[in-house]
Amino acid sequence: MDLITTTDALAAACRRLAAHPFVTVDTEFLRETTYYPRLCLIQMAGPDPADAFLIDPLAEGISLEPFMALMADPNVVKVFHSARQDLEIVWNLGRLVPEPLFDTQIAAMVCGYGDSVSYEQLVNDLAKARVDKSSRFTDWSRRPLSDAQLTYALSDVTHLVKVYEALLDQLKKNGRLEWLSEEMAILTSPETYQADPDNAWRRLSGRLRKAKEVAVLMEVAAWREREAQGRDVPRGRILKDDALIDVAVSAPRSVEALGRLRSIPNGFERSRTGADILDAVERGLSRDMSTVPVPERPRGRGAAGATVELLKVLLKAVAEGEGVAPKIIATVEDLEAIAENDHADVAPLHGWRRALFGEKALALKAGQLGLAMRKNRVVVYPVPEA
């Protein structure tokens, strides 16, 4: 089994794949020691078994322009499983997101396979095959790659052909193909893959409760993100999350105060990095606190909390009845928003989700629907007007 190592061979493979209505795609990469994932292998296949290819992006002199052109071809559907990390790689390489796109993990959720169905399960159920996991955690950057690694990598996309065809057939039969469009719109938005340092604080903000703490977190997190991007190292190599939270809560304004934090290594406070942290703290404290996003109070108390619990039961009942994964319909955050506001701007109150679940959720809140147990299953029934 040969690797494509030249631009001409890659261009020839992409021309063959561009003649098909769809192509399955997967990548192997490493990111344990870098901020940006390091692409080590590209796998692609078409519906013709002869059109399955492995590309070595680490080969000297190879240009990935033919691959990027295929990813941008509007006439070829690009099929991935759990696409987000693969799409991030393509975005980093060429500042484009493959379109049109089909994510088999999301499609499987719409077809009732659960919230986080594994690729192995789909291959077993739909392709009637088994995935050899022995090469999953190998070092894909080392050359030469073994025959076992190449076989494993290629099977990922050849099995995906059958998985895609089976899911597409199910979606067409149950009239739910359009349901994917909203999820695909999120995956194909460049904003999904643009790591803006000014938004880095959001990932950790739920652990804080005061505006001053959030203000400091915003500055320190943005500093860390820029450092990690500039040096291409993981965020934790710059400053671990726990240390970031400690700095935000304590807001040290001197070398001595920074050094007293248990999460800061000895001597760290007197380094250039320590000085950068103190500068970021000062920027945070100088912010206008009235403009700092005030952390929301925890939900789930009182009447709203009881409503959320009822909505969870309703969601489970609807999902089971329709054969859809609950997560694709609504999140807990969505339910909390609906519990507090009938006009909340959340996905379950728009489009197909509103018809499937949102209207029922509002009716339940209004006392127009009831929930009952029958034969160990939750059933939904209309409540007669008094």
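Here, each number is a calculation from the coordinates, and none is a lab measurement. Just so it is clear, the structure is predicted and the values come from calculations on it, not from any experiment. So basically every Cβ, Gly included, is an ideal-geometry build from the backbone, and we count neighbours across all protein chains shown.
For this structure, a couple of remarks:
- Rounded Å value of the spacing that divides the Cα centres of the range 86-114 and the range 166-220: 13
- Protection proxy ranking for 374-382, 234-242, 354-362, 129-137, using the average of other Cβ atoms within 10 Å per residue and placing the highest first: 354-362, 234-242, 129-137, 374-382.
- Once backbone amide H atoms are built at 1.01 Å from N, VAL77 has PHE22, VAL23 as its partners under 5 Å, excluding neighbours fewer than 5 places away on the same chain.
- Principal axes of the range 184-301: Cα extent on each, largest first, Å: 49, 39, 26
- Residues with amide H under 5 Å from that of LEU369, placed H, sequence gap 5 or more: LEU364, VAL383
- Neighbourhood charge, 9 Å Cβ-Cβ cut-off, centred on ILE245 and excluding it, Lys, Arg +1 and Asp, Glu -1: -3
- Sites LEU285 and GLU191 - FRET efficiency at Förster radius 35 Å, r taken between beta-carbons, to 0.05: 0.70
- Pairwise label distance in nanometres, ALA69 with ASN341, each label 7 Å out on the Cα-Cβ vector: 4.9
- The modelled label-to-label distance for the pair ASP115/ARG15, using points 7 Å beyond Cα in the direction of Cβ, is 4.9 nm.
- For the range 7-192, the Kirkwood estimate of the hydrodynamic radius, built from every pair of different alpha carbons, is 16.9 Å.
- Here is the P(r) of the chain: all C-alpha pair distances, binned every 20 Å from 0, give 23, 45, 31, 2 in whole percents.
- FRET efficiency, 1/(1 + (r/R0)^6) with R0 56 Å, evaluated for PHE268 and GLU322 via beta carbons: 0.55
- Computed over the chain, relative contact order equals 13 percent, with contacts defined as Cα pairs under 8 Å that lie 6+ residues apart.
- The HN-Hα couplings worked out from phi for the range 119-127 by the Karplus form 6.51 cos²θ - 1.76 cosθ + 1.60 (θ = phi - 60°) are 4, 4, 5, 5, 4, 5, 7, 9, 9 Hz, whole numbers, x standing for Gly and Pro.
- Taken one residue at a time, the phi angles of the range 286-294 give Karplus couplings (6.51, -1.76, 1.60, θ = phi - 60°) of 8, 5, 6, 4, 6, 9, 7, x, 6 Hz. Gly and Pro are set to x.
- Given LYS128/LYS327; LYS78/LYS240; LYS210/LYS240, the pairs whose alpha carbons are separated by over 28 Å: LYS78/LYS240
- Residues TRP91 and ALA275, FRET efficiency given R0 of 30 Å [Cβ-Cβ distance, rounded to 0.05]: 0.35
- Over the range 1-108, the hull volume per residue, using the convex hull of the C-alpha atoms, is 110 Å³.
- Averaged over residues, the count of other Cβ atoms within 10 Å places the peptides 216-222, 318-324 in the sequence 216-222, 318-324, highest first.
- Sequence-ordered 3J(HN,Hα) estimates for the range 78-83 from the Karplus curve with 6.51, -1.76 and 1.60 and θ = phi - 60° stand at 9, 9, 10, 10, 6, 6 Hz, glycine and proline given as x.
- Here is the size of the range 38-100 from its Cα atoms: Rg then Dmax, 11.7, 31 Å.
- Cβ-defined net charge surrounding ARG143, 14 Å radius [Lys, Arg +1; Asp, Glu -1]: -4
- When only alpha carbons are used to place a centre, the range 337-366 and the range 31-77 end up 41 Å from one another.
- Ranked by how many other beta carbons lie within 10 Å on average, peptides 187-198, 153-164 from highest: 153-164, 187-198
- Least to most buried among ASP342, ASP2 (fewest other Cβ within 10 Å first): ASP2, ASP342
- Descending semi-axes in Å of the range 273-367, equivalent ellipsoid built from Cα gyration tensor: 38, 15, 12
- Long-range amide H partners of LEU41 with built H, under 5 Å: GLU28
- Net charge of neighbours whose Cβ lies under 15 Å from the Cβ of ALA215, counting Lys and Arg as +1 and Asp and Glu as -1: +2
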